[in-house]
1. Does segment 288-302 include one or more residues that are open to solvent by less than 40 Å² (accessible area, probe 1.4 Å) and either closer than 15 Å to Thr106 by Cβ or among the charged types (D, E, K, R) (or both)?
2. Step by step: first the residues of segment 215-253, then only those that are open to solvent by 50 Å² or more (accessible area, probe 1.4 Å) and either free of Cβ contacts under 8 Å to residues at least 60 places away in the same chain or in contact with a Ser or Thr (Cβ under 9 Å, 6 or more places away or on another chain) (or both), then the one that is farthest from Ala97 (Cα to Cα). Which residue is that?
3. Taking segment 157-188, which residues are aliphatic (A, V, I, L, M), in a strand (DSSP E or B) and closer than 16 Å to Pro324 by Cα?
4. I'm told Ala314 meets every condition in (1) hydrophobic (A, V, I, L, M, F, W, C); (2) open to solvent by 10 Å² or more (accessible area, probe 1.4 Å); (3) within 24 Å of Gly151 (Cβ to Cβ) except one. Can you identify the failing condition by its number?
5. List the strands (runs of 3 or more DSSP E) that sit entirely inside segment 43-121 and contain at least 1 residues that are touching a Leu at 6+ places or on another chain (Cβ under 6 Å) and surrounded by 24 or more Cβ atoms within 10 Å (Cβ to Cβ).
Amino acid sequence: MPRMRVVKGLLVAVMLGGTAVAGGATGAGAAETVRRPGFASAPSLAQRWAPIHHQEVDAHGRHAAGGRADEITRVDFDGNWDARDNWEHAGDVPAAAYAYASVAETRTHWFLTYLFFHARDWTNRPFFDSEHENDAEGVLLAVAKDGTPYGRLRAAVTVAHADFFSYVPDGSPWRDGGETVDGTLPMQRSTRDGLPHPVTEQEAHGHGLRAYRGRSGGVVYYPAPAAEVPRGPHDTDVGYALIDIFAPGGLWDRRDDPALFAAPGTFAGDAPRSGRGACGHGTFRCTRNAAHAPWGWDDHDDRPGRGALGTDPAGVMAAYFTIPEPFAREYTRNPYAAPAGAPA
């Protein structure tokens, strides 16, 4: 069966090499259309370091939606921005593969945040686990500006429910800081662009995100110019496209939309009381408003505050790691803090 490629909006390609991104649909930091001398543009940086992403898929649970509940997609996959009907629509349309991205920077480093969205956080353990509508977990990468266009990857912090996990790739000088480094961040050369990318994984059901630990099975996603639809729960070569969190009319622009967000940084999500296919049916419960955007992510017991992984990534990295190289904390670009009307 031929693979389905999905083009939504004017352009769903993020070109390498710092070229401008047309349209408002994609490209982390799409407002930045001119590459500064010696550096790649924000969209190119996001594409260059986007993870090769392993997603465990359970296609057989009662709320699996045939596996689509575990496949990454965009928040408006069903054609609307109402977050309270995503559970119901999870199995209605093919899950075209997208992830969201943003780029912040200081004089010394870039900070790349990636969000992977699922329509359901679900369980196949009846009466023991809870469920909730919508799920959004991700990873923050720190890249040192070393004089090359794309810099050198130094560290990652991943989001797994109410915990963050920290990793460093081989060769990084960063070490344990306020938090103990949890392991090595694997790197793999992508078959799509021939470049080494960090490798991450998400579990089925609850979608906690960590560095890849060698698990087999499920869907393997590669950053690509266009979104593709998995051919099944064991498709190992699926392209995913990046969407700018700050694209006009996108997630950040809609942060005050009550149909999408129930509270700042918290996606809206229903908890229906009945219905065989409903969230929570046959399980412990369905939790309302339980998924979070990067400006709402929080580790339950670390030093940085709620949302800092998105809004103050340099602060998160400084709190988690010992960094034996120049490390500026003042941002030269931080879309989350940009004044109203200013380019992100």
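The values are calculated or read from the model by the stated rules, or taken from the named source; none is laboratory data. Everything numeric in this text was worked out from a predicted model, so none of it was measured. Cβ coordinates were reconstructed from backbone atoms using ideal geometry, including for glycine residues, and neighbour counts include every protein chain displayed. Protein only, heavy atoms only, side chains kept; ligands, DNA and RNA dropped before computing areas. Shrake-Rupley method; radii C 1.70, N 1.55, O 1.52, S 1.80 Å.
1. Yes: segment 288-302 contains one or more residues that are open to solvent by less than 40 Å² (accessible area, probe 1.4 Å) and either closer than 15 Å to Thr106 by Cβ or among the charged types (D, E, K, R) (or both).
2. Selected residue: Asp253.
3. Once the filter is applied, which keeps residues that are aliphatic (A, V, I, L, M), in a strand (DSSP E or B) and closer than 16 Å to Pro324 by Cα, segment 157-188 yields only Val168.
4. Tallying (1) hydrophobic (A, V, I, L, M, F, W, C); (2) open to solvent by 10 Å² or more (accessible area, probe 1.4 Å); (3) within 24 Å of Gly151 (Cβ to Cβ), Ala314 fails exactly one: (2).
5. In segment 43-121, the matching strands (runs of 3 or more DSSP E) lie at 98-106, 109-121.
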